[in-house]
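Please treat every number below as a calculation from the coordinates, not as lab data. Note that the coordinates shown come from a computational prediction; the quantities given were computed from them, not determined experimentally.
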Amino acid sequence: MTDELLNHPGAPTGDVRPTASYTLRVNGVERPVTDAWIGESLLYVLRERLGLAGAKDGCEQGECGACSVQVDGQLVNGCLVPAALAADSEIGTVEGLSGAGGASDVQQALADSGAVQCGYCTPGLAMAVHDLLQRNHRPGEVEARQALCGNLCRCTGYRGALAAVQAVADAREAALEAELDAAAQAAAAGPAAAPPAAAPPQPDHGAELPLYADSELWHEADQLIPAQPQGETPRTGGYAYPPTPPHGTPVPADWQPAPAPAATDPFGTTTYQDAGPYDGTVYATDGYGTDGYGTPYPGYDATPAHGIRLPEDENA
Ligand code: FES
Ligand code: FES
């Protein structure tokens, strides 16, 4: 894009908004954009000018992540990026994930894990999971939650998406190991006896993944979360956490929800104030044994028996 392209002769009379013509490279394909106001967002141009409606328009404020796309390998909110500034960049959208037309392993895992209800958040989630697994082939629970914390889902919650991250990581790791084993066996057998090169194993989309919501398989989702240490755990300053009760132990009745604004976060975390023997200590619990921001600690677990939701846990 150059300055002489602004305020081009074809602009409507009286329209003082600067326009430009440029080319976006989307999923490896050059896509010309002609006479576009330079303030148009990448999300708008992708959807309205180029017909790529995979990225969704949720909030247009960078809050929901529904518009997530990659620009030069960085996950961005398309609603916040002026499209004209992305003219020299490689843009990746959810349409580019599926390759030959089938769902990618990430998209399939999201579907298999029950992470999709209305599906409005799903393209953004798929891009976020894809981006995470490009950067980190074996993300932990905390890293996965941090990576997805900018993608809001108002229907399903996040357990399915977190399970999908681990399922794809497992499948890719297994595929890579099988490929390396096959290569090692071929090398050991010698060039004459080497079998013809086989296609690399594909991720197992049929692998059992936990379904979601009110299912006996909830328990399986919980298995993906590392067990928290039991008993007294030293804490900075010599303080000690209380012993960890078994999973599913209700929050003590004398714990009161902390006053706003610390009551919940986008994951539905509820913060509790211990009014018991540990007066003054704030415990945040989200059913994962973390502090609500992904840091594991042995706290109480607000998740009741599987399939039953606490009214304040909107993420359940
Ligand atoms: Fe871009 Fe919500 S539409 S973050
Ligand atoms: Fe509806 Fe996520 S499935 S917003």
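The amide H of Arg25, built 1.01 Å from its N in the peptide plane, has Arg31, Ser89, Ile91 as neighbours under 5 Å, considering only residues 5 or more places off or on other chains. Taking the inverse of the mean reciprocal distance over all distinct Cα pairs, the Kirkwood hydrodynamic radius of the range 13-156 comes to 15.7 Å.
Averaging 1/r across all pairs of distinct Cα atoms in the range 89-166 and inverting the result yields a Kirkwood radius of 12.5 Å.
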